[in-house]
Each structure stands twice: as C-alpha cells, then as structure tokens.
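Working notes, beginning with the structure itself.
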C-alpha cells in the first residue's frame, strides 16, 4: 500500500513537473513571438503580426466600429498604417500566458513611447497551435488603459 | 485501391463532421454560459461571472489601471457594483467561438440599453475546460467600442 502511494506520488510529481516545464516553454515561445511582431510594428512594419495571424483571426481595437473577422480584413486594416508607426521604446508589463497544449492566451499591459505622451494599452492575444506545429494568433484585442472619455 | 480511397474519404468526412459538431456543441455551451452570467450582471448581480470564472482568471476593463489577476481581486472589484447595474435590454452582436478541445475564445460586440444612450462594448472571453468538465473563464477583456477621447 505504502509502495503504491509512493509510486502514485512520484508519477503525480513527474506529471506536474512536466506540465509546469511545458507551460514555461509555451509561455517563453509565445512571448518571444509577440515581442518580435511588436518590434516590427513599432518600426512601421505590420508584416510581423500579419504573418503571425491565422486565416480565421478575429480582431478588436479602439478605432473600429465592430469586431473584424479574418486575415484579409486585417491586412486591409493594416495596409495604410505601413510606415506610419514610430515607437522608440516600449515596456511589455507583466506578460502572462495561460496555456493548454493547443491554445494559449497571452495578456499584458503595454506602454509605448514615441510621441509626446506615452500610450498605455491593454492587450489580449489568443494563440492556437496549428497543424504545422506553429503558434498563430486567432484573436487580438487592443484597448486603451483607462481612456479619458469626452 | 478504390476501396481504400473511399474508406479514407469516409473516415475523413466522419472526422470532419465530428469535429464540426463538437465545435458547434462547445460554441452553444459557451454562448449559453456567457448569456446567463451577463443577464444576471444586467440585473446588478455579479455572482454569475464570479461563479463562472476560474481561480487564475485575469481581467481587463476600461476603468482599471492595469490587468487584474485572480478571482479574489475580481470579487473585490465587483463587490461595490452589486445592485448598481440596470440594463433593460442587450444585443450580443455576432458572437463567435474559436475552440480547441480544452480552451475556447468567445468574442462579440455588446450593445447595452438602460441609461440615456446605449453602451457599446468589445468583449473577449477565454474559457478553459476544467478537470470537473466545466468550462470556466480564464481571461475577460471588456473595452469601449470606438470611445470618444478627450
């Protein structure tokens, strides 16, 4: 009985350790993907986010009147912004990834420095592990942190 | 050869149908959970969302200065709002669920009628299938649709 209990405990510990390290790996992968796309965006290049998004991506930001659906619509939205963004420095505050084996949600606050005052954002990205074993964004939600309303 | 091809096709079709119907089922379940919590909220009762959220839930809305982490923090945020919300009618516009077997993201636009002018929201909810086979919210993001900034 004692043996079985010990064995069960060992298996449980091993499973938990694997699960924790798998989560840590997914988390590191996803934060790195996001930062690479964001750093291109900050230089006026939306291609990082376009290439990182799945065909069925859905998208919110504070400038569009309703959710935008699909990669083609996202390309159209981003096209006129090419070369228009100049962020000299950013802080990704407290990024957190909550993951399962095939889907994960990344959340963070973002402070972007470039213009006169820093821009403060809330961001949610949902990533899905695709058949080619690549993580792609299926949902993006950008909003202002505590916007001052009229 | 023909037989194998036909068999393969049948299996593929069956798999695709199962996958589609599984997705449709997850989608219906999640939209129903969200609507039930939202309808309580609209009557000033945050308990629907509290009970539907996982211990590790993370949360954004336009009134908080940074992401809020954990169910206890969410309870504290919602407590003073109890009895303060009176929404007489709402429209959940174009809800969409993108699902894997254990995580799913629900997005929609929301129009809430109650005060002088309707309130327009963007919403992203990420649900995770827990060990007790219940879907729980692990991430909530509410933001204003096209807010008029000062």
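Only the coordinates and a few stated rules stand behind these numbers; no lab work does. On a predicted model such as this, the values are computed, not experimentally measured, just so you know. Heads up, the Cβs are rebuilt from the backbone with ideal geometry, glycines too, and the neighbour counts pull from every protein chain shown.
Observations, loosely collected:
- Taking the criterion of being in contact (Cβ under 8 Å) with a residue 24 or more places away in the chain and assigned to a strand (DSSP E or B), the residues of region A:44-93 that qualify are A:53, A:54, A:56, A:57, A:58, A:59, A:60, A:89, A:90, A:92.
- Scanning region A:125-150 for residues that are more than 8 Å from chain B (Cβ to nearest Cβ), in a loop (DSSP other than H, G, I, E, B) and either in contact (Cβ under 8 Å) with a residue 40 or more places away in the chain or closer than 18 Å to residue A:62 by Cα (or both) yields a count of 1.
- Residue in region A:66-74 that is facing chain B (nearest Cβ under 10 Å), out of contact with any helix residue (DSSP H, G or I) (no Cβ under 9 Å at 6 or more places or on another chain) and within 24 Å of residue B:136 (Cβ to Cβ) present: yes
- Odd one out for residue A:31, checked against (1) within 12 Å of chain B (Cβ to nearest Cβ); (2) closer than 25 Å to residue B:122 by Cα: (1)
- Options B:94, B:109: the member that is within 11 Å of another protein chain (Cβ to nearest Cβ), touching a strand residue (DSSP E or B) at 6+ places or on another chain (Cβ under 9 Å) and at positive phi: B:94
- One residue from A:22, A:32, A:36, A:28 being surrounded by fewer than 16 Cβ atoms within 10 Å (Cβ to Cβ), touching a residue at least 60 places away in the same chain (Cβ under 8 Å) and assigned to a helix (DSSP H, G or I): A:22
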